[in-house]
Amino acid sequence: MAIAKHHYVTLALLAATACQAEEIRGRVLDSSHAAVPRAWVTLYSQSGPDARNTRSSDSGDFAFAQIPPGAYLLSASAAGFAQSPPLRLRLEGGQTASLDIVLDVSRVAHQVTITASGTPLSVDSTAKAITVLDAASIERREEFSLSEVLRQVPGMRVQQLGGPGAFTRLHTRGLRSSDTAVLIDGFRFRDAGAPQGDASAFLSDLLVVNPSRVEVLRGSGSSLYGTHAIAGVVQVVTDPGGGPLHGEVSAEGGGLGMFRGLARMGGGALDSRLQFSAGLTHLNVTRGVDGSDQARNTSGQGSLQYALRGNTRLSARLFATDAYTALNSTPFAGPDANLPPSGLVPAIPLASGQMALADAGLPYAWGNATFAPSLNDPDASRKAREVSSLLSLTHNFTPATTLRLGYQALTTSRDNFDGPGGASFQPLFNNNALYDGRIDNAQARVDSQWGKRHLLTAGYEFERERFTNLATDQNPDPASRVFARARVSEASHSVFAQDQARFFDSRLLVSLSARWQGFSLNQPKFEGGAPVYGTGALSAPPDAFTGDGAVAWMARAGTKLRAHVGNAYRAPALYERFGASFYNGSFFAYGDPRLRPERSIAVDGGVDQYFANSRLRVSATYFYTRLQSVIAFGALQLGLDPFDRFSGYLNTRGGLARGFETSAEASLIRGMSISGSYTYTRSQERTPVFSGGLLLSPRIPRHLATILITKRFGKRLDVTSDIALASNSLTPFYTGTGTRAFVFPGARKADLAASYSILVRDRASLRLFARVDNFLNRTWYEDGFRVPKAWAVGGIKLVF
């Protein structure tokens, strides 16, 4: 604990000392003061998200040139070492600053986050619950999808309905998937055409391409990030590049008929005024879980930063995905005779032999099965594309005041195709449902350091979203063919502010933020179908007001006490307000233009404690979230709905989720780190989802646990094992007696990854790697969809 105390004192001294510098130089050393070559050194501007990277030379030297005055965080990392505690610096122009960074082999990594406040902070200096997954930890696990990366986050359940490419949900702290906002480099990533307007429709398509890290904020975040940030925020931060030219090319393949190729590179030029990085990956799954679950995905991610002059930087970023997925039929309940007359229903799958008969269109016997898993649907598929482009400008007016301007254009498109083939309910003829969305988002914000205590932020945001839904079919009767299109657009204006304050020599941290958002709706346009929304005046949703407060106290013994409270909201999606569907030529209206936003209030508090000279960190958090009002899909009384709906979206009472999270991270043995977490959650609805008045929330297990073990053997071999465990959960199935709760056993997923490096040149190496997913060969179902049993891939990677 002496090290932890020294850490806080050092930060306080650095914060109070102004370094007169236009350049930062230094060396990266190990604990014996020997040079650490090829270490990554990162300089973060504390008044914005910009980061600069460089790499230490063979003698451990590093340098950053043409640094504008301001406040910064400086950290370093290298293979085989823990990331250094970030150093706080203030540069005022003039002379060159010189300092050394010491890396330790046996120490818990000290990460930097921008999601907690929108500005870079040490995770140890924030009052909110934050998890940071850096590129090195992702690489050690050999993960290729964002959803798999997130399985180790405390309090987060990842639910993937099948194999690679299958629909994926994120449940944070016992809440719904739509309650977690997704950001890419500080801007919301969501689908304007999705039923809830969130990112769920594209979660399965987000691959690991070119990130520097993934950050997860657990708890309310709407005052900073707007809609959907009720349970938390997931942010993907693009690698900024920088340093000498570096990169990798890899190829892997194996189980499920999977092949993946990846190429990425980064570097700097023009005396480090230009930084760049780019990555491209292609995933092809030819068999999948049942031999016919094909999935393809091509994704690219890159960034470019250029210093126009000392105080101004121009940045651009691109993230794009093109995906195809073969779909299966939705699982369905067995005959009522196989189900208990009341209460919970044990989930017993149809026998594999009978499933084969059902897939072939032959008669099959239910036996004692209570549900049929996802049967093949030979003519159902999904095509999806998204392009997110970002342009931003950062200008330092003074060493204490920074202006940030940003504009993101996000386009999404999903094409769902289905035909008469397959089991269960199928259309009489081929049909398409096309969902196109576009979101334009512009932001302007000013961050200003007032004295030594306050970092003030004020900003404005404009967002315009457009949604087009086109439904067509191939009815053999041309006069009866469906061609129905809806076009809806909406704009919003937001104003937000934040104060980050430090008192008592930076031992007391206080953060206060607030946000207002107002909406305006353009008159929708409709072609074909029943014109239920086409007449009369339509109003925009009511304004949204959110506030957030967080406080942390840094005790001298390496202890941090923290508390966080805030309210949040989700604006009603355009589909929830104007959505419709067609089935066998019939029109069904689901939306209600009068819907009000969802609202919630959340509080959490906890403690973080370091032990054994920062080699062990333990955290515990209690959380409570109350959904005050939500939007649900349910039955409506005929004759009372102004849009003649018998079912659709409506405002209703919400629910609550509460529980606690515990986590620990240890680096007690040289070259070995162990981390784990346990989460207890109890979630309830105020309006029951299930028949019989059962108030438990669907899909939320009571218990979650994770374990991650990483061991380096020598300088070449790395082995990582990560385990994710969940208890039983309830899934709603429609039966002849109403919506019943089926009890599904929880996941028991254990993965193993290993890599071996071979030096081929002075600055290039070959890495042979392998990964085994679900190596315990367990069978379980997510919402009735079977997940893969044990499968493995192997590959080779050239790193330079």
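The values are calculated or read from the model by the stated rules, or taken from the named source; none is laboratory data. Computed from a predicted structure; not experimentally measured. Backbone-built Cβ (ideal geometry, glycine too); neighbour counts: all protein chains shown. Note: areas computed on protein heavy atoms with side chains; ligands, DNA, RNA excluded. Shrake-Rupley method; radii C 1.70, N 1.55, O 1.52, S 1.80 Å.
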(message) Looking at segment 533-545, I want the residues that are surrounded by 11 or more Cβ atoms within 10 Å (Cβ to Cβ) and have a partner that is modelled with pLDDT of 75 or more and among the acidic types (D, E) with Cβ atoms under 8 Å, at least 6 apart or on another chain. Which pairs are those?
(response) A540/E490
(message) Taking the condition of being crowded, with 21+ Cβ neighbours inside 10 Å and assigned to a strand (DSSP E or B), how many residues in segment 609-627 meet it?
(response) 6
(message) Given the options A484, A444, A433, name the one that is surrounded by fewer than 16 Cβ atoms within 10 Å (Cβ to Cβ) and out of contact with any Pro (no Cβ under 7 Å at 6 or more places or on another chain).
(response) A444
(message) I'd like the residue in segment 1-50 that is crowded, with 18+ Cβ neighbours inside 10 Å and over 30 Å from D447 (Cα atoms) and, out of all such residues, is modelled with the lowest pLDDT.
(response) A39
(request) Would you mind stating whether S381 is open to solvent by less than 40 Å² (accessible area, probe 1.4 Å) and more than 30 Å from D239 (Cβ to Cβ)? (result) yes
(message) Can you go through G300, G226, G257, G232 and tell me which one is more than 27 Å from M156 (Cα to Cα) and either touching a Lys or Arg at 6+ places or on another chain (Cβ under 8 Å) or not hydroxyl-bearing (S, T, Y) (or both)?
(response) G257
(request) Kindly list the number of the only condition in (1) modelled with pLDDT of 95 or more; (2) β-branched (V, I, T); (3) crowded, with 17+ Cβ neighbours inside 10 Å that fails for V495. (result) (3)
(message) I'd like to verify a number: residues in segment 255-291 that are over 30 Å from A790 (Cα atoms) and either open to solvent by 30 Å² or more (accessible area, probe 1.4 Å) or among the charged types (D, E, K, R) (or both), how many?
(response) 10
(request) Return the only residue of F496, F545, F526, F519 being outside any helix (DSSP H, G or I), in contact with a His (Cβ under 9 Å, 6 or more places away or on another chain) and of a type in the set (F, W, Y). (result) F519
(message) Can you find a residue that is in contact (Cβ under 8 Å) with a residue 40 or more places away in the chain, farther than 22 Å from R682 by Cα, in contact with a strand residue (DSSP E or B) (Cβ under 7 Å, 6 or more places away or on another chain) and of a type in the set (D, E) anywhere in segment 583-597?
(response) yes
(message) Restricting to segment 447-468, count the residues that are open to solvent by 30 Å² or more (accessible area, probe 1.4 Å) and not in a loop (DSSP other than H, G, I, E, B).
(response) 10
(request) Examine segment 662-678 for a residue that is outside any strand (DSSP E or B), open to solvent by 20 Å² or more (accessible area, probe 1.4 Å) and among the small types (G, A, S), and state whether such a residue exists. (result) yes
(request) For segment 732-748, state whether one or more residues are open to solvent by 20 Å² or more (accessible area, probe 1.4 Å), over 25 Å from E665 (Cα atoms), touching a strand residue (DSSP E or B) at 6+ places or on another chain (Cβ under 8 Å) and of a type in the set (A, V, I, L, M, F, W, C). (result) yes
(message) Yes or no: segment 729-750 includes at least one residue that is under 25 Å from the mean Cα position of the chain (by Cα), more than 20 Å from P373 (Cα to Cα) and in a strand (DSSP E or B).
(response) yes
(message) Any residue in segment 703-724 that is within 16 Å of W780 (Cβ to Cβ) sitting within a Cβ distance under 8 Å of a residue that is basic (K, R) and part of a strand (DSSP E or B)? List the pairs, counting only those 6 or more apart or interchain.
(response) L704/R157; I723/K749; A724/K749
(message) Looking only at segment 690-721, filter to residues that are within 29 Å of T662 (Cβ to Cβ), of a type outside the set (S, T, N, Q) and outside any strand (DSSP E or B); which one of those is least open to solvent (accessible area, probe 1.4 Å)?
(response) P701
(request) Those residues that are touching a Pro at 6+ places or on another chain (Cβ under 9 Å), within 29 Å of V249 (Cα to Cα) and crowded, with 20+ Cβ neighbours inside 10 Å, I need them from segment 749-787; list them, please. (result) D773, N774
(message) It is to be established whether one or more residues within segment 299-317 are hydrophobic (A, V, I, L, M, F, W, C) and part of a loop (DSSP other than H, G, I, E, B).
(response) no
